[in-house]
Amino acid sequence: MATDTMTDVFEEHRSVLMGVAYRMLGRVADAEDVVQEAWLRWSESDHEQVREPRAFLVRVTTRLAIDRLRHLQSRREAYVGPWLPEPYVTDLGSSVPDTAERAVLADSVSLAVLVVLESLSPLERAVFVLREAFGFPFAEIAVTLDRSEAAVRQLAGRARKHVDEGRPRYKVDPAERRDLTERFLAAATEGDLDGLMSLLAPDVRLVGDAGGKSKAPLRVLESADKVGRFLHSTAGKVAAEARELEVRFIQANGAECLFILVDGRPDSVFRLDVADGLIQDVYIVRNPDKLVSLVP
């Protein structure tokens, strides 16, 4: 196979490979490393023996991601405070025209689902990602993981049950999320505690990830009072200390999020999960290592 053709084939499937690797690892940099290693394996392979390049590349990427995930899991056990995936910029509307398929992909890359995936074994996670997010047949997944189809079906059943038990019980309407996010932003920037509290569900949860490198709660906050007062206090401190504050709306992990820059530097990403006209969950990523990929 000519070099140009070899590169074109790989680039044709790069987005799928990146999607698999990110859902497996939850870190953009780690996913990019895995995809780069897959490219090296592809460039060194005997292409005459590869009948289905997509299947070959997904198989290589998945196996590499499993190996890296096993290595990362020991490091995450020592992580300071709650762990959240690195925000991953997604524009599914332009790349995935089918509405139903777009909804499945958005759900599988959501912060809530990725957090649940952390509790799965590497093999369970691989099966869930390949089957639920990308719709690969069980027979193909079995070849990828070098397991019997019966074993893969068992892994899929356990993974699906665990994810269903851990994921939010509500469906988020994008228009409702945008409206509440705008009202949330206005209340926070204006220091309106009552307005902020009015947007929060009574049992709202706040999960903050700073990795010990920035300020965020070391435990999950629960209740409107605790979450509202924390957000009000934090917004006030940032506004008082910042010379320049910029807020951008970005599409990350299948949903609209707030990207906050303070004095030109990435500070945090906020994602709100909403239902019944109220904010149910607040996710905040403040670990600076997880914000690097958001700045060109």
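Look at where the Cα atoms of segment 1-67 and of segment 236-294 average out, and the two centres are 31 Å apart. With the helix formula -39500 (n - 2.57) applied to DSSP H stretches of n ≥ 4, the chain reaches a computed 222 nm mean residue ellipticity of -17000 deg cm²/dmol.
Here the Kirkwood formula puts the hydrodynamic radius of segment 174-294 at 14.4 Å, using every distinct Cα pair. Quick one: with all protein chains in place, what share of the accessible area of the chain is carbon or sulfur, to the nearest percent (1.4 Å probe)? Roughly 49 percent, rounded to a whole number.
Checking every one of the trypsin sites (Lys or Arg not before Pro) in segment 124-188 against DSSP loop status and a limit of 10 other Cβ atoms within 10 Å picks out ARG169, LYS171.
Taking 0.36 nm per residue of separation and subtracting the current Cα-Cα distance, fully stretching the chain between ASP8 and ASP263 would add 87.7 nm. Using a probe of 1.4 angstrom and keeping all protein chains present, the accessible surface of segment 174-294 works out to 48 square angstrom per residue. Loop only by DSSP, 15 or fewer other Cβ within 10 Å of the Cβ. Give me the trypsin sites (Lys or Arg not before Pro) in segment 11-83 that pass, ordered by residue number. In loop regions of segment 11-83 (DSSP not H, G, I, E or B), the sparsely surrounded trypsin sites (Lys or Arg not before Pro) are ARG51. Under 28 Å of direct C-alpha separation, and excluding same-chain neighbours fewer than eight residues apart, LYS161 reaches these lysines: LYS171.
The relative contact order of the chain, computed from alpha carbon pairs under 8 Å that lie at least 6 residues apart in sequence, is 19 percent.
Among the listed values [x] 20.4; [y] 23.1; [z] 22.2, the one computed from these coordinates for Kirkwood radius over Cα pairs in Å is [x].
The values are calculated or read from the model by the stated rules, or taken from the named source; none is laboratory data. Since we're looking at a predicted model, the values are computed, not measured. Glycine gets a Cβ as well: all are built from the backbone with ideal geometry, and neighbour counts include every protein chain shown. Calculation scope for accessible area: heavy atoms of the full protein, side chains included, ligands and nucleic acids excluded. Shrake-Rupley method; radii C 1.70, N 1.55, O 1.52, S 1.80 Å.
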